[in-house]
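Undergrad: My questions all concern the structure below.
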Amino acid sequence: MAERQLVLRNVVDEGPGVYREDPLWEAARFFGWARLGADIRDALTDDIDALIAAGDLVESEGGLMPAKGS
């Protein structure tokens, strides 16, 4: 989980304002997953939710952004 969250956070750091779908696909590619099945999508979505809850990412109408100061 920590590795997935690190990858997701890096994707958002590199391209702030991305929508949820983009980091999911980028993380899947990073880990060598050719498709985004329901189990992988759910795990990555839970990771994004956890990063938001922890204050590492912020979600707005403009997409996902790194939290200020993180």
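Undergrad: Test of understanding: given the chain, find the longest segment containing no trypsin sites (Lys or Arg not before Pro) that are in a DSSP loop and have at most 12 other Cβ atoms within 10 Å.
TA: 1-34
Undergrad: Report, in cubic angstrom per residue, the convex hull volume of the C-alpha atoms of the chain.
TA: Spelled out: Cα convex hull of the chain, divided by residues, is 76 Å³.
A short reminder: the numbers here are calculations on the coordinates, not readings from a lab. Everything quoted here is computed from the prediction, not taken from an experiment. No Cβ is skipped: glycine too gets one built from the backbone with ideal geometry, and neighbour counts run over all protein chains shown.
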